[in-house]
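Participant: One structure follows; several queries about it will come next.
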Amino acid sequence: MYGAKEDSGTVSNFGMVTPKAKSMTKNLNKELYGSELFHVWSQKKGLLEEEAYMIHKYLVHKDARVLEAGTGGGRIIFEIEALGFTNLHAFDYVEKMIEYCDRVKAENSSPVDFAVADATDLNRYPSHSFDVLVYLQQVLCFIDEPLVDRALEEAYRLGAKDSVYLFSFLNWHSKFYNPILSGIVNLFRKIRGEKVAKHKLPWLMIDGRFNWKLLQGTQPGNYWYKKSQIRQMLAAASFKVIEMKTAGEILGGGKTDKGHVYVACSKR
């Protein structure tokens, strides 16, 4: 999860930013998850139905070495532990989240090894260390697009020869208004002299409240992907897609574009 670097830049009423303020965009999601969204995400429990589908299908061997990226408050890794897995590791970029996880770990004598780490730099873990790597909770969508390739390289490096990877991505087609929002947001980016990024959108809602600052240049953003983009990106990183489905396809009901995109991969 990614957040904001301190800076003294200023923002106008129309979202115009000084050069210093432009440098704040790097870590905005980290700041958000460490402040306004900390209580919400640290307290989440249980698995979504679509997450349970992926985990029960692909986490087969109880002695597997499991790593979860972007664990937040440990929601998913603690559920994996409850299934009988014991060789468990999880990391998050937000130090406050890991402090919370360590408290829960101590209270429950959990075997999970938690660490503060960046998905683009995982040198704390040796190569080929894990049999299952869990990148759910759309963790890759919070990383600036130029760095996603690096995060995928690190994920690939950490996997054993026959490892399985579980990814999830924000689904561009799941929101009918995404193209409209993208057009408006990128118009303001052009006015500010910023790079246009069609699929990078600001948060519409933060902690249940509408984000009235969404058109300003210092707002955290997430990347929304199409299935074709996901497949191409994973192939370029030498992953082989085993299964790719939206939440709607997993749950049935005919709404195939509903929800996030879930992907199971192996190494080529």
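The values are calculated or read from the model by the stated rules, or taken from the named source; none is laboratory data. Quick caveat, the model's predicted, so the values are computed rather than measured. Counting neighbours? That spans all protein chains shown, and the Cβs are built from the backbone with ideal geometry, glycine included.
Participant: Just to be sure I understand the filter: pairs with C-beta atoms under 6 Å, separated by 6 or more residues or on different chains, first member in the stretch 252-268 and without any contact (Cβ under 8 Å) to a residue 12 or more places away in the chain, second member outside any strand (DSSP E or B) and not acidic (Asp, Glu). Which pairs pass?
Facilitator: Lys255/Gly248; Thr256/Gly248
Participant: Right, here's the next one. Run down Glu50, Glu31, Glu68 and say which single residue is closer than 17 Å to Cys141 by Cβ, in contact with a Lys or Arg (Cβ under 9 Å, 6 or more places away or on another chain), at pLDDT 95 or above and surrounded by 19 or more Cβ atoms within 10 Å (Cβ to Cβ).
Facilitator: The match here is Glu50.
Participant: Okay, next question. Scan the stretch 116-139 for residues that are in contact (Cβ under 8 Å) with a residue 40 or more places away in the chain and outside any loop (DSSP other than H, G, I, E, B) and report the count.
Facilitator: 7
Participant: If you check Gly183 against the conditions, is it on the phi < 0 side of the Ramachandran plot, surrounded by 17 or more Cβ atoms within 10 Å (Cβ to Cβ) and either at pLDDT 95 or above or in contact with a His (Cβ under 8 Å, 6 or more places away or on another chain) (or both)?
Facilitator: no
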